[in-house]
Structures are given as structure tokens and as C-alpha cells.
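**Q** Sharing a structure, written as C-alpha cells. Questions coming.
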Amino acid sequence: MHQPAITGTGVFTPSQVITNDELVAAFNAYADRWNADHAAAIAAGAAEPMQHSSAEFIVAASGIERRYVLDKSGVLDPAVMHPWLPERRDEEPGVMAEMGVDACRQALAMAGVEGAEVDLILCAASNHERAYPAIAVEIQQLLGAGGFAFDMNVACSSATFGIQAAADMIRAGSARKALVVSPEICSAHLEWRDRDCHFIFGDVATAVLIEREEDATGPRFTIRSTRCATQFSNNIRNNNGFLRRTRPGHMEDRRDMQFMQNGRKVFKEVLPLVSAHIAAHMEAEGVAAADLKRLWLHQANKTMNDYIGKKVLGREPLPGEQPNILQDYANTSSAGSIIAFAQHSADMTDGQMGLICSFGAGYSVGSVIVERRLG
Ligand code: CO8
């Protein structure tokens, strides 16, 4: 058996930003237009008027202040309300592969590893640009990597489940150098015309390079242990898929074919699930709260993270102990905890431990206990 370690991380951040004020202005213009178009139905009581959104509500309910997106022009156009992404010819790299490769190259450079040395690529993300060929296989080709590659999807927990899968394969010897890449184009999947959720998501891609610890040439994080769990729930759901055209109304942009959630229920049900999951994982590994120097949590909601941080540590987290990035990136699904890890881990000293934890649709929860090694 070989000991796996994270030796590199990368984050591709799109160049375009949408602030809450910009988002709310576009949404409210759309709502006014919709109300004007449906004035007769509203007056007859046959339709409910759309309510305005508010930047104050968004910050208070979620902690989100802005989000990066691949295209803001379509999202902020009240006549469009979704991103425009240029269509790629079959011969061109796909959008997910391109942003994933950028993140992978950063992770490889950090570890001093060439693409050709990689023998496993997992594209672990909430949505995939196409059903086949796998995005991971395209990334493998673009990086000049060998071995094998495949796509996987566990929604918000895709990256941590991917880390477990890759770490287990490195332990067993079926792979030696693995990239877990999570390109998340949440903007294409979000219903920007629904005030309950229009502020939630952003776009990004992350990559994590995992190697045999004995191959590492620089600072790294030993993967001490991983734990994944799932429990079925309909509270975060999307009914788009390959059966789409067999269903009535699919041509009319059916609401349930975009992101759907019962946010309140998710909030209430996921908190105890995650807290118990982390506690059981720590107990099984003999890790006490005092041993953990950092928590890199899923980035969906600040209040949720505050609650989980306090529950896990048994006290209010100190500044920097539980870094949030959601104020800048919003929820980026599986990439969120990895952005927090990539951007808030370089200062850790030899022997310090931390825990990465994702949670979301499924429900799914994935936790990874890591230990900093400098020598
Ligand atoms: N502006 C003003 N008012 C609003 C707005 C708005 N934008 N939206 C809602 N309101 C109103 C509501 O109508 C409601 O009014 P009333 O009390 O009169 O009914 C009031 O504000 C309160 O609304 P909520 O109860 O909905 O507000 P909450 O305090 O619950 O906050 C949140 C809503 C932020 C959504 C919160 O519930 C939350 O964060 N829940 C957890 C969500 C979560 O973690 N989900 C995980 C999803 S991510 C995931 O699993 C990945 C899925 C796959 C990826 C998909 C990629 C796109």
C-alpha cells in the first residue's frame, strides 16, 4: 500500500464578475417586464406578480457578495437571463476541458510534475458538457497524460468523492499520479429568473494533484483519511438529462430542468447530517477538535459554515481557522471547499492537520483529513 498526498492545487477563476447590485438590477428589470406582460392575468388573479429581489436579502441570507461567471452579458440582459457561451466546433476543446486544463496546469506547476507523468484524471463535477466522450479523457489528451480518465458526478461532493477515489487507487497501486479536476459552470444550470435562487451560484474550475507521498518533491498534504456518505433526498434536484426530449414541455424551458431546491429544508437537514459525519470521521481516526488547525468547508451559505465550524471545534472558530470564499465566488458546487483549501493552506506548518468537507445534493457528504508535511 502507498501513502497518497496532495502535492498541488489549481484554481481557474473567470475574468467576469457580477456584483449583487448588478444581479438584482437585472432581475428586477426582468420581473417588471414579466409583470407588465402578464398584467391582465395578474389583475384577474390568475397569476402572481413577480417580487423584486434585494442585495440586502442576499448578503443576509447567504453571505454572498459577488460571483465570477464565464459570461455576464446574457445573465444581466433581462431579455435573455442566461449566459451566452460560444459554441465550440467538434475539433475544438470543450469549455469544461479548457477551464479544467488551466486549473490542472497550475496544480502540476506547484508540484513540479509534467502532464505526461499523470496516469489518472477524474473530472468530478455537478454537470458535464456532454454525455460522451468523457471530459476527463479530453483533458487527458490536452495535458498529454497517460493511463486512464473518467467523469464522475456527485453534485457538490464531486471533488471530495473524487479525492477519495483517486487516493484509494494510489494506495492500491492502480494509479501513481492523479488529477481530480472540477470545472463547474453553474451559471448555465442556474435559473436566473427565480428570485429564491438567482444569487446562489458562480463559475470556476479547481484541480488537485495527488501522488504517492514518496514521489513528492516539496511541501504537501498527506491524505490521512477520507470518508464519503450519501442519503437520498429530493430537496436539491434537476430533471434534465438524456430523457429530456421524451417529456412534455421540454421545448418550453421547463423550470424543473434547471437547478431546483427547497433551500430551507436543505439548510435544516444537512446541518445535523454534516456535523454528525465529521464527528464520526474524526472519532474513527482518533482526531480531536484541538488537533484540527483548519476547516475548509463547502461554500454554500455563511450561516451554515458558522454553525458547522462551531459544532466541530466546540467553540467559535478563530479568524482564519475556517476560511470562507463564498463572499467572492458564491456557491461553486464541488469546487468551493477546494478553492478554500487552495487559497488558505500554504501558511500551515509541518504536522498541522485540517479537514476538507463538502456537502450538497444527493444528499452527499465527503470529508478528507489532511496533514501538512514540509520536509
Ligand atoms: N430577495 C428578497 N427576498 C427574497 C429573495 C430575494 N432574492 N429570495 C427569497 N426571498 C424571500 C422569500 O420569498 C421569503 O419570503 P417570505 O418569508 O415572505 O416567504 C423570505 O425571503 C425568506 O426566504 P427563504 O426562507 O427561502 O430564505 P432563507 O433564509 O432560507 O435563505 C437560502 C435562502 C440562502 C437558499 C438558504 O435557505 C440556504 O442557503 N439553504 C441551503 C442551501 C444549500 O446549501 N444548498 C445546496 C445547494 S448546492 C448543491 O447541492 C449542488 C447542486 C448541484 C449544483 C448545481 C449547479 C448549478
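**Q** For the chain, what are the per-bin percents of Cα-Cα distances with bins 10 Å wide, up to the bin holding the maximum?
**A** 5, 24, 33, 24, 10, 3, 1, 0
**Q** Same structure, new question: Looking at the square roots a ≥ b ≥ c of the eigenvalues of the Cα gyration tensor of region 222-373, which shape do they give, rounded for a/c under 1.5, prolate if a/b is larger than b/c, or oblate?
**A** Prolate is the answer for region 222-373, as a/c is 1.5 or above and a/b outweighs b/c.
**Q** Pick from Gly147, Gly336, Gly45: which is most flexible by mean-square fluctuation in a GNM of the chain where alpha carbon atoms under 10 Å apart are linked?
**A** Gly45
**Q** Let me ask something additional. For Lys293, go through the lysines and keep the ones whose alpha-carbon is under 17 Å away, minus same-chain ones fewer than eight residues off.
**A** Answer for Lys293, where 17 Å is the Cα cut-off: Lys310, Lys311, listed by chain and number.
**Q** Given the options Ala134, Ala43, Ala300, which has the most mean-square fluctuation in a GNM of the chain, springs set between C-alpha atoms less than 10 angstrom apart?
**A** It is Ala43.
**Q** Pop out the ³J(HN,Hα) list for region 83-93 in order, Karplus 6.51 cos²θ - 1.76 cosθ + 1.60 with θ = phi - 60°, rounded to Hz; leave Gly and Pro as x.
**A** So the Karplus estimates, Gly and Pro as x, are x, 9, 10, x, 5, 9, 5, 4, 7, 8, x Hz.
**Q** I want to check the label-to-label distance for Ala41 and Tyr307. Put each point 7 Å from Cα in the C-beta direction and report it in nm to one decimal.
**A** Each label point lies 7 Å from its Cα, and together they span 3.5 nm.
**Q** For a quick check: with amide H placed at 1.01 Å from N, whose amide H comes under 5 Å from Ser126's, ignoring anything fewer than 5 positions away on the same chain?
**A** Here Ser334 satisfy the definition.
**Q** Between the helical axis of 158-172 and the dominant principal axis of the chain, each derived from Cα atoms, what acute angle in degrees is found, rounded to the nearest 10?
**A** 20 degrees
**Q** Using Cα pairs closer than 8 Å and at least 6 residues apart in sequence, work out the relative contact order for region 228-297, in percent.
**A** For region 228-297, the relative contact order is 31 percent.
**Q** For n ≥ 4 DSSP H runs only, could you compute -39500 (n - 2.57) per run for the chain, divide by its residues and tell me the 222 nm figure to the nearest 500?
**A** Mean residue ellipticity at 222 nm (helix-derived): -10000 deg cm²/dmol.
**Q** Give, to the nearest whole percent, the P(r) tail of region 33-84 beyond 13 angstrom, counting all Cα pairs.
**A** That tail contains 71 percent of the Cα-Cα pairs.
**Q** So if each residue of separation counts as 0.36 nm, and I subtract the Cα-Cα distance between Asp90 and Glu316, what length gain in nm does that give? Please list the in-between numbers first.
**A** On the way: separation 226, 0.36 × 226 = 81.36 nm, distance 5.14 nm.
Full-extension gain reported as 76.2 nm.
**Q** Do any trypsin sites (Lys or Arg not before Pro) in region 1-110 lie in a loop, going by DSSP, with at most 14 other beta-carbon atoms within 10 Å of their beta carbon, and if so which?
**A** Arg88, Arg89
**Q** Mind checking which lysines have their C-alpha under 28 Å from Lys72, skipping anything on the same chain fewer than 8 residues away?
**A** Reachable lysines: Lys302.
**Q** Pop the C-beta distance of Ala109 and Glu269 into the FRET formula with R0 = 35 Å and round what comes out to the nearest 0.05.
**A** Computed FRET efficiency for Ala109 and Glu269 comes out at 0.30.
**Q** Additional query: Rounded to the nearest 0.05, what FRET efficiency do Asp253 and Glu214 have when you use their Cβ-Cβ distance and R0 = 45 Å? Present the calculation step by step, with values, prior to reporting the outcome.
**A** Details: r = 53 Å, r/R0 = 1.17.
According to the calculation, E is roughly 0.30.
**Q** With a Förster radius of 41 Å, plug the Cβ-Cβ distance of Tyr132 and Asn262 into 1/(1 + (r/R0)^6) and report the FRET value to the nearest 0.05.
**A** 0.80
**Q** Roughly what % antiparallel, to the nearest 5, for the DSSP beta bridges in the chain? Could the numbers behind the result be given before it?
**A** On the way: 43 of 58 bridges.
Counting only bridges with both partners in the chain, antiparallel ones make up about 75 percent.
**Q** Could you give me D for region 1-149, from Stokes-Einstein at 10 °C and 1.306 mPa s, where the hydrodynamic radius is the Kirkwood radius over C-alpha pairs? Units µm² s⁻¹, please.
**A** Working: Rh = 18.9 Å.
Taking Rh from Cα pairs, D becomes 84 µm²/s.
Laboratory data are not the source of any read-out in this text; all were calculated from the coordinates shown. Remember, predicted model here, so these are calculated numbers, not experimental data. Every residue, glycine among them, receives a Cβ derived from its backbone with ideal geometry; neighbour counts consider all protein chains shown.
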